[in-house]
Amino acid sequence: MPLIETAPVLLLVTAVLGYLLGAIPFGIVIARLFGLGDLRQIGSGNIGATNVLRTGNKLAALLTLLLDAGKAGIAVAIGRVTLGEDAAQLAGFAAFLGHLYPVYLGFRGGKGVATFFGTLLVLAWPVGLASGAVWLVMAKLMRYSSLAALVASVSSLIWVFVFGYTDAVLLCAALTALIYLRHAANIARLRQGTEPKIGAEKKAAATSGPDAP
């Protein structure tokens, strides 16, 4: 972790503001703006971009993805510019916690994948890009979004050493642990072989339509 140089009171303010920013449930906001209904009553009930995509609205899903990543990135950037590297990491972690446990939704939030990438892309962009590339490769090869997220988050612990961002290793470890915690149900389904693959729901909907045999 970076050297702590910022006054504790300022770090506390940074954490609170980062949390409140990260807690904004953009998936729910976007779904309502697009007339898609209450996202918590759709699909998995998750507030992230993957569940927004289950509505069939790709634009809404893309906006949710960008906003969920962006809120963490903005928190990191503000912390870095105003106070320093210690505040930047704390702001990113707080924003991540805000997304996972938002006060606005009774502390029932998302799984944090987009927010994870948003944090890393601003805090240590080579680590963020490399982890994102791992997600893309795993998603393409294995067709499991959850598995791709799990592997990508762990890979960040390698990339911080490869690219020389060793002061972020504790942050990456904490974010990865929380991602695994939030994906506990997905991990269980992966072990049981019942985790749905990417695109499986669309295929099921197509074969169950009025023209299906």
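The values are calculated or read from the model by the stated rules, or taken from the named source; none is laboratory data. It should be emphasised that the depicted structure is a prediction, and the values quoted were computed from it without experimental measurement. Neighbour counts are summed over all protein chains in view; Cβ atoms, including those assigned to glycine, are modelled from backbone coordinates with ideal geometry. Note: areas computed on protein heavy atoms with side chains; ligands, DNA, RNA excluded. Shrake-Rupley method; radii C 1.70, N 1.55, O 1.52, S 1.80 Å.
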Lys pairs under 17 Å by Cα in the chain, provided they are eight or more residues apart or on distinct chains
6
Förster-model FRET efficiency, 25 Å R0, Val16 and Ala173, C-beta, rounded to 0.05:
0.60
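Quick one: compute a quarter of the convex hull surface over the Cα atoms of segment 94-148 and quote it in nm².
It is 4.0 nm².
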Going from most exposed to least, what order do Val169, Val137 have by accessible area with a 1.4 Å probe?
Val137, Val169
So if each residue of separation counts as 0.36 nm, and I subtract the Cα-Cα distance between Ala188 and Ala7, what length gain in nm does that give?
60.9 nm
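For Glu85, what is the net charge nearby, where nearby means another residue's Cβ is under 10 Å from its Cβ and Lys, Arg count +1, Asp, Glu -1?
Result for the local shell: -2.
In the chain, what percent of the accessible surface is made up of carbon and sulfur (1.4 Å probe, ligands and nucleic acids excluded)? The partial results should precede the final answer.
On the way: 7550 of 10790 Å².
Within the chain, the accessible surface is 70 percent carbon and sulfur.
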For segment 57-122: Kirkwood Rh in Å [reciprocal of mean 1/r, alpha carbons]:
11.8
Rg to Rh, two decimals, where segment 81-193 supplies the alpha carbon set and Rh follows Kirkwood
0.98
In nm, spacing of pseudo-spin labels at Leu141 and Val162 (7 Å Cα→C-beta vector):
1.2
Once the Cβ-Cβ distance between Leu105 and Leu129 is put in as r, and R0 is 30 Å, what FRET efficiency do you end up with, to the nearest 0.05?
0.50
When the Cα atoms of the chain are enclosed in a convex hull and the volume is divided per residue, what value in Å³ results?
121
Per-residue accessible area, 1.4 Å probe, largest first, puts Phe93, Phe116, Phe107 in the order Phe107, Phe93, Phe116
